[in-house]
Amino acid sequence: MATCEVCGNDYDKAFQVVQDDETHVFDSFECAIHALAPRCEHCDCRVIGHGVEADGRIFCCANCAELAGVSALRDRV
Ligand SMILES: [Zn+2]
Ligand SMILES: [Zn+2]
């Protein structure tokens, strides 16, 4: 049994996600995304796909990066 660190749910099928050497426990992907997914710097949505990264900034898509002033980016497919 493990307890989800986001909602506190005690769930026998909880899973762990390791990020930056830290282990997190969640009962659902929804909670994992809530806790771990970065936000797009431009539109503020959760980046749960590949997203794009430029100069340490994270965006949900190349279009957002471009609108935020980062050029020469392509979506990573
Ligand atoms: Zn949860
Ligand atoms: Zn965006």
Residues that are within 8 Å of ligand 1 (Cβ to nearest atom) and open to solvent by less than 90 Å² (accessible area, probe 1.4 Å), drawn from the stretch 15-31: Phe26, Asp27, Ser28, Cys31
Residue in the stretch 59-69 that is in contact with a helix residue (DSSP H, G or I) (Cβ under 8 Å, 6 or more places away or on another chain), open to solvent by 70 Å² or more (accessible area, probe 1.4 Å) and either part of a loop (DSSP other than H, G, I, E, B) or of a type outside the set (A, V, I, L, M, F, W, C) (or both) present: no
Condition check for His34: open to solvent by 60 Å² or more (accessible area, probe 1.4 Å) and either touching a Ser or Thr at 6+ places or on another chain (Cβ under 8 Å) or away from ligand 2 (no atom under 16 Å from the Cβ) (or both): yes
The stretch 38-56 - residue that is buried (at least 16 other Cβ atoms within 10 Å of the Cβ) and within 13 Å of the chain's Cα centre (by Cα) and, of those, nearest to ligand 2 (Cβ to nearest atom): Cys40
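The values are calculated or read from the model by the stated rules, or taken from the named source; none is laboratory data. Since the model is a prediction, treat every value here as computed from it, not as a measurement. Cβ sites come from the backbone with ideal geometry, for glycine too, and all protein chains shown count toward neighbours. Accessible surface is based on the protein model in full, side chains and every heavy atom, while ligands, DNA and RNA are left aside. Shrake-Rupley method; radii C 1.70, N 1.55, O 1.52, S 1.80 Å.
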